[in-house]
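Beneath this line is the structure, given in structure tokens, with notes to follow.
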Amino acid sequence: MTPESPARTTAPTAAYTERLGLSVWAWLGALVVDVIVGLEVLLGFEEMPFWLPFAFLLPFTAAFLLWMGRIRVTVTGDELQVDDARLPLTAIADVVALDAAGKREALGVGAHPLAFVIQRPWIGPAVQVLLDDPADPTPFWVISTRKPVELATALLTGANLR
């Protein structure tokens with residue numbers, strides 16, 4: 001008697017995926033701040049070993065910056081995944097690609113208070129996903145993205161296939 005091989009589950013291929021990480025400039029700026037703060041600490045404590053403030057500051061800052069850029073936006077065959085939130089593509093009525101000014105307007109004073117927002121200030125453009133689900137009080141999602149046209153196209157293509 002031979003053991004049966006476990007059934008293979010294949011993950012759906014992503015039509016679009018993006019990580020909302022920080023730019024290289026943010027990392028360089030954080031490094032400069034770490035060097036300045038480390039040198040300031042060394043000026044205050046002359047007997048401290050030179051490496052000690054940097055041994056704390058650099059890993060702490062790197063972990064913080066990685067945590068800040070942890071959000072992933074993925075469009076699979078049947079849903080939009082933003083971090084741990086999931087939206088079936090069948091609930092999408094329309095998608096609008098927004099530039100920085102459009103995102104500012106969508107999130108401004110007249111914004112709907114029940115909108116679902118994943119906004120990163122270091123990313124200018126976004127998409128607005130209008131929903132068509134009478135059971136859900138959320139009128140739309142606003143999601144930061146560096147490639148709003150590609151994300152909107154992937155969402156509309158997936159929603160129209162349903």
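The values are calculated or read from the model by the stated rules, or taken from the named source; none is laboratory data. Worth saying up front: this structure is predicted, and the values here are computed from it rather than measured. Counting neighbours? That spans all protein chains shown, and the Cβs are built from the backbone with ideal geometry, glycine included.
Only one of the listed residues (A111, A106) is at pLDDT below 90, within 15 Å of S144 (Cβ to Cβ), surrounded by 12 or more Cβ atoms within 10 Å (Cβ to Cβ) and not aromatic (F, W, Y). That residue is A111. Taking the numbered list (1) without any contact (Cβ under 8 Å) to a residue 60 or more places away in the chain; (2) of a type in the set (D, E, K, R); (3) not in a loop (DSSP other than H, G, I, E, B) in turn, D133 passes all entries but (3). Here's a check for you: in the range 8-63, which residue that is in contact (Cβ under 8 Å) with a residue 24 or more places away in the chain and charged (D, E, K, R) is nearest to A154 (Cα to Cα)? If we take residues in the range 8-63 being in contact (Cβ under 8 Å) with a residue 24 or more places away in the chain and charged (D, E, K, R), then E18 is nearest to A154 (Cα to Cα). Listed by first and then second residue, the pairs with beta-carbon distance under 7 Å, at least 6 apart or on different chains, first residue in the range 67-91 and without any contact (Cβ under 8 Å) to a residue 24 or more places away in the chain and surrounded by 13 or more Cβ atoms within 10 Å (Cβ to Cβ), second among the hydrophobic types (A, V, I, L, M, F, W, C) and in a helix (DSSP H, G or I), are E79/L89. Within the range 75-87, the set of residues being of a type outside the set (A, V, I, L, M) and more than 15 Å from T157 (Cβ to Cβ) comprises Q81, D83, D84, R86.
For every residue, the table says whether it meets (1) acidic (D, E); (2) on the phi > 0 side of the Ramachandran plot; (3) surrounded by fewer than 14 Cβ atoms within 10 Å (Cβ to Cβ); (4) not in a helix (DSSP H, G or I).
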{"site": "G102", "(1), (2), (3), (4)": "no, no, no, no"}
{"site": "G124", "(1), (2), (3), (4)": "no, no, no, yes"}
{"site": "V129", "(1), (2), (3), (4)": "no, no, no, yes"}
{"site": "P137", "(1), (2), (3), (4)": "no, no, yes, yes"}
{"site": "A154", "(1), (2), (3), (4)": "no, no, no, no"}
{"site": "G158", "(1), (2), (3), (4)": "no, no, no, no"}
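I'd like the residue in the range 83-100 that is part of a strand (DSSP E or B) and among the charged types (D, E, K, R) and, out of all such residues, is farthest from P121 (Cα to Cα). Taking the candidates together, the pick is D94. L22 meets all of the listed conditions (1) modelled with pLDDT of 95 or more; (2) under 24 Å from D84 (Cβ atoms) but one, namely (1).
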